[in-house]
1. Around Ile78, which amide H atoms from residues at least 5 apart in sequence, or from another chain, sit under 5 Å from its own amide H, with H modelled in the peptide plane?
2. Compute the relative contact order of the range 3-246 as a whole-number percentage, counting only Cα pairs closer than 8 Å that sit 6 or more residues apart in sequence.
3. Counting only protein heavy atoms and using a 1.4 Å probe, what share of the accessible area of the range 105-247 belongs to carbon plus sulfur, as a whole percent?
4. What's the FRET efficiency of Glu182 with Ala73 using the Cβ-Cβ distance as r and R₀ = 45 Å, to the nearest 0.05?
5. Under a point spin-label approximation (7 Å from Cα along Cα-to-Cβ), what is the Lys190-Met11 distance to one decimal in nm?
6. Taking K and R as +1 and D and E as -1, what net charge do the other residues with C-beta under 9 Å from the C-beta of Ala234 add up to?
7. Which percent, nearest 5, of DSSP beta bridges in the range 3-246 are antiparallel?
8. Search the structure for amide H atoms under 5 Å from the amide H of Cys93, placed 1.01 Å from N in the peptide plane, and list their residues when 5 or more places away or on another chain.
Amino acid sequence: MKKLVAANWKMNGEGSWSTKPAALASLLGDNMPENVQVLFCPPAVYLDRIATEAGKFGMNAGAQNCHASASGAFTGEISAQMAADCGADYVICGHSERRALFGETDAVVRAKADAVIAAGLSAIICVGETLAYRESGEAEATVEMQLKGSIPTTSTALNTVIAYEPVWAIGTGKTATLDDIEQMHGHIRKVYGQLLGDKSAGKLRIQYGGSVKPANAKEILSAKGVDGALVGGASLKMEDFAKIILAG
Ligand code: PGA
């Protein structure tokens, strides 16, 4: 099972960034770890060209979001099939920014993940507690509720990745302690096993996200139960992203 190290570019980038997969490949050279799978998730308008470029170097591309419907009168939206058509292999579902800024509920996230899986892609379903829930000792309960509400019945360890991203760690420079990360990843695996059967849970990839950077990548990616990272800010510069991948 390869570790999935993903770049979430959010609403950043421009057309000229299509050279970034090549730049990354040349920074990695012969040192590309065999146990790491690299994924670029650019803004949807660049998905097609980033997928083409990433594919040249054995890397994958994914969308940051999609609509739950296959097509229709949803101005401004894209479907999972369209992401697939552009060369995506993954779609991020329910990122905390989508949940907080665009009102996505667990039910919406589940419908999107279901559509992603139906389109033959893998869903990266994001969960994570706010600081208030962490401080009141309800982090695990919050994440468990999100998992139960957001994972569709069509999910298997082969078509689903869970990204654990504590909301308070995203873009803040703060990271959860290794103990907290390992404990939460263990909890996520347990809950997933309860939902879908233990056999599947052992193979589920669980990424950590939230201020992953070159300085902390090694210890996070080596932590028990961590099968990759979802990287925001540090994925915008290929020098930093390469260091994170090399730590995998
Ligand atoms: P960050 O973002 O690495 O900038 O904290 C992570 C994410 O939002 O996926």
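1. His67
2. Worked out over the range 3-246, it gives 20 percent.
3. The computed percentage sits at 55.
4. Computed FRET efficiency for Glu182 and Ala73 comes out at 0.50.
5. Using points 7 Å along Cα→Cβ, the separation is 3.9 nm.
6. +2
7. DSSP beta bridges in the range 3-246 are roughly 0 percent antiparallel.
8. Counting only residues 5 or more places away or on other chains, the set is Ile124, Ile125, Cys126.
The values are calculated or read from the model by the stated rules, or taken from the named source; none is laboratory data. What you are looking at is a predicted structure, and each value in this text was computed from that prediction instead of being measured. Virtual Cβ from ideal backbone geometry, glycine too; neighbours counted across all protein chains shown. Just so you know, the surface numbers come from the protein's heavy atoms only, side chains and all, with ligands and any DNA or RNA stripped out. Shrake-Rupley method; radii C 1.70, N 1.55, O 1.52, S 1.80 Å.
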